Amino acid sequence: MAATINFTSPTKTQSSRFFFPDLLGKNTTPTLSFYPIPKSSFLLPSISLRPASKSDVVIKRRHLSVVVSALKNLSHAELVPVPSESDAIPGTFPSISGVYAVYDGNEDLQFLGISRNIAASVVAHKKSVPELCSSIKFGVVDDPDRAALTQAWKSWMEEHISATGKVPPGNEPGNSTWVRQPPKKKPDLKLTPGRHVKLTVPLEDLIDRLVKENKVVAFIKGSRSAPLCGFSQRVVGILESEGVEYESVDVLDEQYNSGLRETLKKYSNWPTFPQIFVNGELIGGCDILSSMYEKGELKDLLKK
């Protein structure tokens, strides 16, 4: 009998989504269901908070100083024209963290920003304000820490204000042309109801159904909202810059995805993570996805 698909709307207070067969009946037809996550009943360990010591502050400041000193001055950064076709932007600008400056056709600075994915930000600006997004200066920040990115942004902003005496129009208070409210991220899928619940369907079968019933599935380390490795972060950035609907599964979640890492390695015959499936087929990891993205091959694949 063919599997049925049931969608149960999650509660407003919880956003986790589950992928597992009906566990209530022994002979029932397998279902794909999305259930609200129950509230946890365990207690969190107590945490002792102490004020940062003087040595902590000094070390942090030194770290930020190193980050900024490694960054080129705004005036020395290369001004790179933005391709007229959005598809060519990912091959022109890096899809990693950094600071960037947007210039109009007269080479007047319009906006200074920071981004986890510079190429994706340029694509968004080119779509929303094409007349103001003619060329870009960018500086890559190897440490994606928010404080490091902010410090790099401050360095460029202070240099611009020192040279011109004014803030770029897009950075003026109240300006909403450049800064978009980030969309709510789709919750990651949980493959099981919990590690102590016996499955009626083998985990490998769940994986097989998941990748075949969804166009794009990314098995990553961490969540799509907070990836826990640089490769997973890049995969999420690429998929979101393509604007594709995709499912994500955290392979490090031992509470709801227990045993997934080893089972998935056997299923895909691929030893590392992240792993990306499109149309039921394994594409590969971050390097392969990045290469396809930069060559424009990924966009063609996603259209099929």
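The values are calculated or read from the model by the stated rules, or taken from the named source; none is laboratory data. Remember, it's a predicted structure, so these values are computed and weren't measured experimentally. Reconstructed Cβ throughout: ideal geometry from the backbone, glycine too, with neighbour counts over all protein chains shown. To get the accessible areas, we keep the full protein, side chains included, count just its heavy atoms, and leave off ligands, DNA and RNA. Shrake-Rupley method; radii C 1.70, N 1.55, O 1.52, S 1.80 Å.
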Q) Mind listing the phi-derived Karplus ³J(HN,Hα) values for the stretch 273-286, rounded to whole Hz, using 6.51, -1.76 and 1.60 with θ = phi - 60°, and x for any glycine or proline? A) 10, x, 10, 10, 10, 10, 6, x, 10, 6, 8, x, x, 4
**Q.** Theoretical gain in end-to-end length, LYS215 to SER291 [0.36 nm per residue, Cα-Cα removed]
**A.** 25.4 nm
Q. Across the stretch 123-136, in residue order, what do the Karplus-derived ³J(HN,Hα) couplings come to in whole Hz, using 6.51 cos²θ - 1.76 cosθ + 1.60 with θ = phi - 60° and x for Gly and Pro?
A. 4, 5, 5, 5, 6, 7, 9, x, 6, 9, 10, 9, 8, 9
Q.
Just to verify a number: what accessible area does GLU294 come out at with the full protein assembly present, 1.4 Å probe, Å² rounded to tens?
A. 100
Q: Mind giving me the nanometre distance, one decimal, between the label points for ASP142 and LYS185, set 7 Å out from Cα along Cα→Cβ?
A: 2.5
Q | Solvent accessible area, Å² - GLU158, 1.4 Å probe, full protein context | A | 120
Q: Pairs to check: LYS127/LYS299; LYS137/LYS221; LYS221/LYS299. Give those whose C-alpha atoms are more than 29 Å from each other in this structure.
A: LYS137/LYS221
Q: For the pairs LYS72/LYS185; LYS154/LYS184; LYS266/LYS304; LYS190/LYS303; LYS184/LYS215, note any where the Cα-Cα span goes beyond 22 Å.
A: LYS72/LYS185; LYS154/LYS184; LYS266/LYS304; LYS190/LYS303
Q) Between rounded, prolate and oblate, where does the stretch 142-219 land on the alpha carbon gyration tensor, with a ≥ b ≥ c its root eigenvalues, rounded for a/c under 1.5, else prolate if a/b exceeds b/c? A) prolate
